[in-house]
Amino acid sequence: MRTIGHFIGGREVEGKSGCFADVFEPMTGEVQAKVALASKAEMRAAVLNAAEAQVAWGNTNPQRRARVLMKFLELANRDYDKLADCLAREHGKTVPDAKGDIQRGLEVIEFACGIPHLMKGEYTEGAGPGIDIYSMRQALGVVAGITPFNFPAMIPMWKFGPAIACGNAFILKPSERDPGVPMMLAALMIEAGLPPGILNVVNGDKEAVDAILDDEDIKAVGFVGSSPIAQYIYERAAATGKRAQCFGGAKNHAIIMPDADMDQTVDALIGAGYGSAGERCMAISVAVPVGKTTADRLMEKLIPRVESLKIGTSVDPSADFGPLVTKEAVDRVKNYVDIGIKEGATLAVDGRGFKMQGYENGFYMGGCLFDNVTKDMRIYKEEIFGPVLSVVRAHDYEEALALPSDHDYGNGVAIFTRDGDAARDFAAKVNVGMVGINVPIPVPIAYYTFGGWKKSGFGDLNQHGPDSIRFYTKTKTVTARWPSGVKEGAEFSIPLMK
Ligand code: NAD
């Protein structure tokens, strides 16, 4: 059986704790590898090693740091197919979807290549007599990222790309369910010329995470995962004075106005609701048609499309989606479907019984569609994270606007309409972090920032874009007087710029 260790000091090293977790191949249901789970002591050793390496990297000029990232882009593109194959086999998503996962990560690396410009400070000449003021951005030191299973390439790159570009050393604790791609990315960074110790992958579970949170030499932690863990990480990281940005779960609504192009809307819902088996933080999980006629037209078109979804293996290029990540994930999602039925929602399409011929042990389930879901139901309030779309019928626009605004989660939302007034009003008023107008998954491009509100995000800066540079650097402001010979006498009140 293949074992996956850690990537520390520029090479893969064996785990020493004696603890391992199974890494499954979701499409067959078989265990394909064992990943080492780091002990507290192993994490501490990695941090000390990273801290030593960071000094020289932080003093390397930003052009040189950018060149490493440029070379990494070239190498990742060279190995694109290999990365996508590993990703699909560990996560379960299809190969074309895995390529998108990699691509959206590489776009943030492209953004981070602009670091010489992005890290520039500000300068004011003559802020007072002979006084100039300037600011500079400096690396934090050692920083960490704790990432979820559902984007094993993209989210690690969203974290380590900007952090390393800024001159930090990085400890990545990826999901123990699909650690293969993060290990490959770290090896590519070394091949690209990154000094050993600057990007480390320390695999593990709660023990490794807690070791990160309690380590005073780690200055910032970026987390992505479920909301209860996001909140836990945010609070515990703050106790050692770390910066923390922790992104959590989601319940993304799509509002369908009566004037929406129904064919386009249904295409969007099918892709965004069921792509990647619904295991995306920006998946649409609630559709809100406005008015009875809109709801009936929507259901008429949606039902046959959900019934005809093509579920396949991760390596079947014609599949709409593949298996879920684990058997536990399938059981959890099916349990939510049972709950929805008990709560009184109408199960219009039932995919629970789906079996994949020849892959009976794989973690598959078919698409499910609920109608007449109401806002007091658990299937509405909680994140299901599977191929299940709930339709909540709204009487009017105001009721539709209130649903995502009042929901505990606030990651993404979309409105489908041809009415510019309605779209503009919705974008301004809705209490959610990322908004799509006739765009179902409004994941901002790399040079904007990504982040949800309410229970979807703890902390005050977003991921990637300009916020990532702010998060991974500290600002120093210098006030200088030249010539130093200007005589003003001693001042006892607070100095003013005269
Ligand atoms: P998860 O919260 O189970 O795990 C995320 C990370 O936390 C993993 O590295 C895991 O090892 C670690 N972890 C898990 N339990 C822990 C504990 N008790 N103590 C300390 N660390 C722990 O999430 P997941 O199942 O891997 O990912 C799916 C979740 O991530 C969904 O809720 C999804 O919405 C969310 N997500 C959010 C975003 C976003 O940007 N908001 C993006 C992707 C995924």
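The values are calculated or read from the model by the stated rules, or taken from the named source; none is laboratory data. Just so you know, these numbers come straight off a predicted model, no measurement behind them. With ideal geometry, Cβ positions are generated from the backbone for all residues, glycine too; neighbour counts draw on all protein chains shown.
Among the residues of segment 387-399, the one identified as buried (at least 24 other Cβ atoms within 10 Å of the Cβ) and in a loop (DSSP other than H, G, I, E, B) is P387.
For segment 1-40, residues that are farther than 23 Å from I198 by Cβ and not aliphatic (A, V, I, L, M) total 15. Which residues, taken from segment 252-285, are farther than 29 Å from T313 by Cβ and either in contact with a Pro (Cβ under 9 Å, 6 or more places away or on another chain) or crowded, with 24+ Cβ neighbours inside 10 Å (or both)? Matches in segment 252-285: H253, I255, I256, M257, P258, A260, T265.
When you check D296 against the structure, is it part of a helix (DSSP H, G or I), surrounded by fewer than 18 Cβ atoms within 10 Å (Cβ to Cβ) and in the same structural domain as F354 (by TED's automatic domain parsing), yes or no? For D296, the condition - part of a helix (DSSP H, G or I), surrounded by fewer than 18 Cβ atoms within 10 Å (Cβ to Cβ) and in the same structural domain as F354 (by TED's automatic domain parsing) - is met. Output the residues belonging to segment 433-460 that are part of a loop (DSSP other than H, G, I, E, B) and more than 13 Å from the ligand (Cβ to nearest atom). Listed by number, the residues that qualify are N438, V439, P440, I445, A446, Y447, Y448, D460.
One residue alone among A46, A51, A88 is in contact (Cβ under 8 Å) with a residue 60 or more places away in the chain, small (G, A, S), in contact with an Asp or Glu (Cβ under 6 Å, 6 or more places away or on another chain) and under 26 Å from V224 (Cβ atoms), and that residue is A51.
When segment 433-477 is examined, which residues are found to be surrounded by fewer than 19 Cβ atoms within 10 Å (Cβ to Cβ) and of a type in the set (F, W, Y)? Y447, Y448, W453 - these are the residues of segment 433-477 that are surrounded by fewer than 19 Cβ atoms within 10 Å (Cβ to Cβ) and of a type in the set (F, W, Y).
Would you please name the residue that is farthest from the ligand (Cβ to nearest atom), looking only at residues in segment 232-256 that are free of Cβ contacts under 8 Å to residues at least 40 places away in the same chain and in a loop (DSSP other than H, G, I, E, B)? Reasoning before the result, please.
Pass one, segment 232-256, residues free of Cβ contacts under 8 Å to residues at least 40 places away in the same chain: 232, 235-242.
Those left that are additionally in a loop (DSSP other than H, G, I, E, B): 240-242.
Numbers: T240: 15, G241: 19, K242: 15 Å.
Residue satisfying both the conditions and the ranking: G241.
Inclusion of I164 among residues that are more than 9 Å from the ligand (Cβ to nearest atom) and within 14 Å of E42 (Cβ to Cβ) is not warranted.
Look through F160, F223 and report the one residue that is part of a strand (DSSP E or B) and either at pLDDT below 95 or not small (G, A, S) (or both).
Answer to the check: F223.
Considering only residues that are assigned to a helix (DSSP H, G or I) and either buried (at least 21 other Cβ atoms within 10 Å of the Cβ) or not assigned by TED's automatic domain parsing to the domain that holds D217 (or both), which ones fall in segment 1-46?
From segment 1-46, those assigned to a helix (DSSP H, G or I) are 40-46; that's our starting set.
Those that are assigned to a helix (DSSP H, G or I) and either buried (at least 21 other Cβ atoms within 10 Å of the Cβ) or not assigned by TED's automatic domain parsing to the domain that holds D217 (or both): E42, M43, A46.
Hey, could you check segment 299-324 for residues that are hydroxyl-bearing (S, T, Y) and touching a residue at least 12 places away in the same chain (Cβ under 8 Å) and say which is surrounded by the fewest Cβ atoms within 10 Å (Cβ to Cβ)? Before you say what the answer is, go through the steps one by one.
Step one: filter segment 299-324 for residues hydroxyl-bearing (S, T, Y), giving 308, 313-314, 318.
Narrowing the set further to residues that are touching a residue at least 12 places away in the same chain (Cβ under 8 Å) leaves 313-314.
On the way: T313: 22, S314: 26.
Looking at residues that are hydroxyl-bearing (S, T, Y) and touching a residue at least 12 places away in the same chain (Cβ under 8 Å), I get T313.
Exactly one residue among D263, D316, D259 is more than 15 Å from the ligand (Cβ to nearest atom), part of a helix (DSSP H, G or I) and not aliphatic (A, V, I, L, M), and that residue is D263.
So if I check each of G275, G222, G271, which one is among the small types (G, A, S) and away from the ligand (no atom under 16 Å from the Cβ)?
Working: G275 fails: away from the ligand (no atom under 16 Å from the Cβ); G222 fails: away from the ligand (no atom under 16 Å from the Cβ).
Only one candidate qualifies: G271.
Taken over segment 312-332, residues that are of a type in the set (V, I, T) and over 21 Å from the mean Cα position of the chain (by Cα) amount to 3.
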